[in-house]
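Enquirer: Pasting a structure here, questions to come.
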Amino acid sequence: MIPAAFDYHAPTSVEEALRLLAESGDDVKVLAGGQSLLPVLKLRLAAPEVVVDLGRIDALRGVREDGEALVIGAMTPHHEVASDPLVQQHALLLREATRTVADPQVRHRGTFGGALAHADPAGDLLAPCLALDAEFVIAGQGGTRTVAAADFFQDYFTTAIDDGEILTEVRVPKHTGWRAHYEKFSRVAQQWSIVAIAVTLRSEGGTISEARVALTNMGTVPIRATAAEQALAGVAATPEAVAQAVAGIAEGTEPPSDLNGDADYRRHLATVLARRAVLAAAG
Ligand SMILES: Cc1cc2nc3c(=O)[nH]c(=O)nc-3n(C[C@H](O)[C@H](O)[C@H](O)COP(=O)(O)OP(=O)(O)OC[C@H]3O[C@@H](n4cnc5c(N)ncnc54)[C@H](O)[C@@H]3O)c2cc1C
């Protein structure tokens with residue numbers, strides 16, 4: 001349970017961090033909250049020669065507004081995202097999902113950007129970012145680039161972040177006043193999602209006018225349920241109508257089979273959870 005020895009650097013700016021990454025070659029790891037990386041190092045599933053800790057870069061932490069976008073720094077801890085009034089006002093779905101991550105200890109150490117860069121398919125922040133059309137700002141030696149959520153999550157634990165790059169912030173289009181719910185299914189409290197459904201929507205007079213829906217742990221990357229979104233538009237927020245609109249939500253998905261449940265069980269769960277999530281979001 002003791003990691004292999006490594007050189008440790010704690011830069012105070014993004015520029016310094018990028019320079020350290022460039023100088024350290026291939027065998028280097030970025031450290032954020034350490035909630036996923038440290039267990040990997042302790043189990044010696046990875047043994048980098050260099051670790052670059054982003055924890056002292058203040059510019060990477062915090063939530064701010066920039067016109068029509070909410071900007072969340074990569075090093076913002078989960079508990080700050082969950083309790084931020086701007087997030088509550090403009091991206092309620094992120095608050096609802098972040099509140100379900102692990103336990104208070106993990107939520108105080110783990111970071112928004114770390115969870116997204118880690119890209120565990122069972123992670124709870126990926127689907128909400130996809131549903132909200134978030135954009136990921138990635139810095140490298142050549143400058144910064146912005147990647148849409150649909151292109152950011154590429155495969156199992158794989159994102160668009162290349163070697164030598166750092167995720168600096170996530171830009172979330174404001175969904176001001178939209179209602180939201182994250183329906184997570186796990187066997188015990190404070191656990192990863194077996195399946196979860198992220199929903200944010202607008203409704204008027206008991207009718208859903210617009211909805212955004214995405215699925216957690218129903219494949220190697222989060223899945224946007226565009227057919228369900230279209231079917232929900234204009235539908236009365238009643239159990240029967242919503243059940244009908246989301247009935248096909250698991251069609252075409254290839255969820256994993258493991259000790260928590262096989263693929264068919266997960267497809268069934270997704271349908272049940274989607275109905276619950278939409279009805280809860282609609283109030
Ligand atoms: C007991 C336990 C239960 C958990 N339960 C849940 C859960 O229910 N739901 C959930 O979603 N998550 C859960 N997590 C994971 C948690 O959300 C972690 O915070 C997250 O996975 C990793 O974030 P971190 O900041 O700790 O990143 P780290 O562990 O420091 O890093 C993770 C990976 O991302 C890379 N990385 C980190 N930041 C950047 C960056 N800015 N740019 C480029 N690469 C970067 C690192 O190099 C590393 O490969 C749990 C963790 C634990 C320990």
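The values are calculated or read from the model by the stated rules, or taken from the named source; none is laboratory data. Treat the numbers as computed from the prediction; the structure is a model and nothing was measured. Neighbour counts are summed over all protein chains in view; Cβ atoms, including those assigned to glycine, are modelled from backbone coordinates with ideal geometry. The protein model used for the area step is the full one, side chains on, heavy atoms only, and it has no ligands, DNA or RNA in it. Shrake-Rupley method; radii C 1.70, N 1.55, O 1.52, S 1.80 Å.
Enquirer: Taking each pair of different alpha-carbon atoms in segment 7-53 once, compute 1/r for the pair, average those values, and report the inverse of that mean as the Kirkwood hydrodynamic radius in Å to one decimal.
Expert: On the way: mean 1/r = 0.0916 Å⁻¹.
Here the Kirkwood hydrodynamic radius works out to 10.9 Å.
Enquirer: Per the helix-only calculation at 222 nm, which mean residue ellipticity applies to the chain, given -39500 (n - 2.57) for every DSSP H run of n ≥ 4 and division by its residues, nearest 500 deg cm²/dmol? Please report the intermediate quantities before stating the final value.
Expert: On the way: 12 runs with 93 residues, N = 283.
Helices in the chain give a 222 nm mean residue ellipticity of -8500 deg cm²/dmol.
Enquirer: Then there is this: So what are the ³J(HN,Hα) numbers for segment 88-105, from phi and the Karplus equation (6.51, -1.76, 1.60; θ = phi - 60°), rounded to whole Hz, Gly and Pro as x?
Expert: So the J values, rounded to whole Hz, are 4, 6, 10, 8, 4, 4, 5, 5, 4, 6, 5, 5, 8, 6, 6, 10, x, 4.
Enquirer: Work out the length of the dipole vector of the chain about its Cα centre, built from +1 on the beta-carbon of each Lys and Arg and -1 on the beta-carbon of each Asp and Glu, and round it to the nearest 20 debye.
Expert: Value, rounded to 20: 940 debye.
Enquirer: Moving on to the next point. Roughly what % antiparallel, to the nearest 5, for the DSSP beta bridges in the chain?
Expert: If I count the DSSP bridges inside the chain, around 85 percent turn out antiparallel.
Enquirer: Solvent-accessible area of residue 220, probe 1.4 Å, all protein chains present, reported in Å² to the nearest ten, please.
Expert: Taking all protein chains as shown, residue 220 has close to 70 Å².
Enquirer: For residue 225, enumerate residues with amide H under 5 Å from its amide H, sequence gap 5+ or separate chain, H modeled in the peptide plane.
Expert: Under 5 Å from the amide H of residue 225 lie the amide H atoms of 213, 214, 215, each far enough along the sequence or on another chain.
Enquirer: Around residue 177, under 13 Å between beta carbons, what's the net of Lys plus Arg minus Asp minus Glu among the other residues?
Expert: Residues close to residue 177 contribute a combined charge of +1.
Enquirer: Compute, for segment 63-172, the length of the dipole vector about the Cα centre, with Cβ point charges of +1 (Lys, Arg) and -1 (Asp, Glu) only. Units Debye, rounded to 20.
Expert: 300
Enquirer: Could I ask something else about it? Based on the alpha-carbon gyration tensor of segment 13-112 and its eigenvalue square roots a ≥ b ≥ c, which shape applies: rounded if a/c is under 1.5, prolate if not and a/b is larger than b/c, or oblate?
Expert: Details: a/c = 3.18, a/b = 1.52, b/c = 2.09.
Oblate shape, in that a/c is at least 1.5 and b/c is the bigger or equal ratio.
Enquirer: Sticking with this one: Return one whole number: the accessible area per residue of the chain in Å², for a 1.4 Å probe. Could the numbers behind the result be given before it?
Expert: Numbers: 13090 Å² over 283 residues.
On a per-residue basis, 46 Å².
Enquirer: Follow-up question, since we're still on this one. Could you give me D for segment 193-282, from Stokes-Einstein at 37 °C and 0.692 mPa s, where the hydrodynamic radius is the Kirkwood radius over C-alpha pairs? Units µm² s⁻¹, please.
Expert: It comes out at roughly 254 µm²/s.
Enquirer: Just the number, please: carbon plus sulfur as a percent of the accessible area of segment 110-178, 1.4 Å probe, no ligands or DNA/RNA counted.
Expert: Carbon and sulfur atoms account for 42 percent of the accessible area of segment 110-178.
Enquirer: Ok, one more. Quote the relative contact order of segment 80-206 in percent (integer), defining contacts as alpha-carbon pairs under 8 Å separated by 6+ residues.
Expert: Values: 217 pairs, mean separation 37.7, N = 127.
Relative contact order here is 30 percent.
Enquirer: Could you tell me the relative contact order of the chain? Use alpha-carbon pairs under 8 Å, at least six residues apart, and round to a whole percent. Before the final figure, lay out the partial values.
Expert: Working: 650 pairs, mean separation 43.3, N = 283.
About 15 percent, as a whole number.
Enquirer: Find out how many positive minus negative residues lie around residue 218, taking Lys and Arg as positive, Asp and Glu as negative, among other residues whose Cβ is under 14 Å from that of residue 218.
Expert: -4
Enquirer: In addition: For every other residue with a beta carbon closer than 12 angstrom to the beta carbon of residue 57, add +1 if it is Lys or Arg and -1 if Asp or Glu, then tell me the sum.
Expert: Once positives and negatives cancel, what remains is -3.
Enquirer: Mind listing P(r) for the chain? All alpha-carbon pairs, 10 Å bins, whole percents.
Expert: Pairs per bin, as whole percents: 7, 29, 34, 21, 8, 2, 0.
Enquirer: Mind jotting down the distance between the C-alpha centroids of segment 213-275 and segment 144-166, whole Å?
Expert: 25
Enquirer: Normalise the Debye intensity by I(0) for segment 63-172, one equal point scatterer per Cα, no solvent, then take log10 at q = 0.13, 0.14, 0.17, 0.19 Å⁻¹ and round to two decimals.
Expert: -0.42, -0.49, -0.74, -0.93
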